[in-house]
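The values are calculated or read from the model by the stated rules, or taken from the named source; none is laboratory data. Everything quoted here is computed from the prediction, not taken from an experiment. When we count neighbours, we look across all protein chains shown, and the Cβ atoms used for this are built from the backbone with ideal geometry, even at glycine. These area figures cover heavy atoms from the full protein model, side chains too; ligands, DNA and RNA do not enter into them. Shrake-Rupley method; radii C 1.70, N 1.55, O 1.52, S 1.80 Å.
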Amino acid sequence: MSVLLAAQDVEMFTSNFSAEQQKQLAKRLAVFLSQYYHLTDSYIIEFFSEDLWHTLPSTWQLVLQDLTYPQIADLLLDTYHEDRRYPSVWPLSLLAFRATAHALAFPRECRGKVASLLKPEEFQENQSQSSLLGHIFRKHVKPKKQHEIRKLGVLVKQLCDQTGCRRVVDVGSGQGHLTRFLSFGLGLSVTAIEADHTLVSMASRFDGQLLWALEKERQKKNCTSHLALSQPFPRHVAGWVNPRASWEAFIKQLQAADHISEGPPTPSGPSKKRPRSFDHQGCSCIVQSSPPPNSSELVSHSDTKSQNANKNKTEDELSAENCCSDLQAVDQPVVSQDENSLQSYPDFVLTGLHACGDLSATLLRHFVNCPHVRGITSVACCYMKITTKENPTPPGLVIPSSPLTPDTQSLSSEFGYPMSYWVAGLPEHQLSYKAREGACHAVEDYVRRLREESVLLRTHCYRAMLETFIRDTRPDLRRAGIQTIKKAHLLPFTEYARLGLARVSLPPNLPLDLERVEAMLRHQNRVVVYFSLALLLAPVVETLVLLDRMIYLQENGVDCHLVPLFNPNFSPRNFVLVALKPSGQ
């Protein structure tokens, strides 16, 4: 079944890919990446300690070592740059490497257009407020998130219209920005699931503030009517979606929210204080659903932590739709009460905006296996947290604090990558943790830094230099977590080293060979070139991960499309995987 999208700003480039073409592309991607694993798997902080520069072909070294930063951007990273003027003759192997990397990666722009603006047109009048999003949906929301929730919200609404559903489940909902737009702005009935209790509390409080703003605006217009009782108010669920659990367990989480009254949130005025615990004021529904991991292991399913507070003004009228469609229970000779409850659960559309790690894969599996999920929009992030056979417990993975219940089907043998049988059968399909971590880097942002010759480019060289001095003192201490040193690029290296050494419990006044320091600093350009070569492969790795998910859906009889929905300069993880189930499936 073809996915038909009516929005003018949603253009798909994968719609003409046959299943066989997708498989052959995946094969080419895997073979290509396997030839350059020394780049994707390398750590830039080991540039000096592992002598990474000399792992490159000597012919590459000669033509790359003297490139300026703008030349690195134009000649290596920018896919659409046409006026390439080479300062010397490049070897064919390097030209083929660059051309193949650009050709295999999914284009991050609609129809191959380049987003010349750093921010979308909707932010040209006001850098912090989208002109296409109502005031009530901009409060507490940073510009990047405003851009995302508007475009994704419209897309989700279209899927609801096509499937006849008015119910949406937003997983990894964070502070509820997308949830509020879907519910109050587009008239959908939304259940939001988020693992972080604090974010759930904030989401429900923001719901109350939105209603307070609406009521205040209505009073200004001398309108005495209150919000209609038929308005679908969002339900917020504090729960962790276990990647190892079955779709039946997932539906039970949703039922826990449905058992609570859908009454409107209590309108509450704006507050500058961040809630420290659950605050039921302004809460439409807060439910503890499914035992979460230990608090020390708990991470948010969402990447949203924005706390910008814009001026609170309202101008949009709320609209509600009354077209809820229920799934008819299948007739069976004997059906238990629990089974009947699962079968009669109404249909819905599933969405996840930047669902972290395995969560995106989990939602796709629920979409395939659960008869009640009619459509899905999946925006992934944090690829390094995806589980693989080679790396089943990557850093940041959330482990359940209690074993699965006997009635839960364990999916522990299934990993976040690969999902499809086809990609799993490719001999070269493996992607290391480092390769997947690199796929999360923002290519467009780095190109901008190169063209501006930003002093921020100094940071990688500093950290690589520090690594050599750390290993000189502690050879066993490799890739130690220094974390971000504030304004490191503005510091002399000696001061940076003093701060960094203290963070790994080494003497801050450790003697540094200043001649050696100066010699390494002269190679800063090489550090940037090497990082750029690895960064060139980041979109290729992301393409293979996303293509694997598309093939997985195809293997399960579901047509899908990959949409570069967001402006990549603004939102680096801009791909949305969109799918609808065929009628009767």
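Structure notes:
- Across segment 494-505, coupling constants 3J(HN,Hα) worked out from phi with the 6.51/-1.76/1.60 Karplus curve, θ = phi - 60°, read 4, 6, 4, 5, 4, 5, x, 4, 5, 6, 10, 6 Hz, and Gly and Pro carry x.
- Segment 452-575 - Kirkwood radius from inverse mean 1/r over Cα pairs (Å): 17.7 Å
- In a reduced charge model with +1 at each Lys and Arg Cβ and -1 at each Asp and Glu Cβ, segment 75-220 shows a dipole moment near 180 debye about its Cα centre.
- Peptide packing: for 478-490, 460-472, the average count of neighbouring Cβ atoms within 10 Å per residue gives the ranking 460-472, 478-490, highest mean first.
- Once the chain from Leu499 to His54 is taken as fully extended at 0.36 nm per residue, the excess over their C-alpha distance is 157.2 nm.
- Greater than 32 Å apart at Cα, pairs in Lys389/Lys486; Lys27/Lys157; Lys145/Lys486: Lys389/Lys486; Lys27/Lys157
- Computed lengthening from Ser18 to Asp66, 0.36 nm per intervening residue step minus Cα-Cα distance: 12.9 nm
- The residues of segment 430-471 expose, per residue, 35 Å² of accessible area to a 1.4 Å probe.
- The C-alpha radius of gyration of segment 16-139, expressed as a fraction of 2.2 N^0.38 Å, stands at 1.44.
- A simple spin-label model places the labels of Asn509 and Arg451 4.8 nm from each other, with each point 7 Å out along Cα-to-Cβ.
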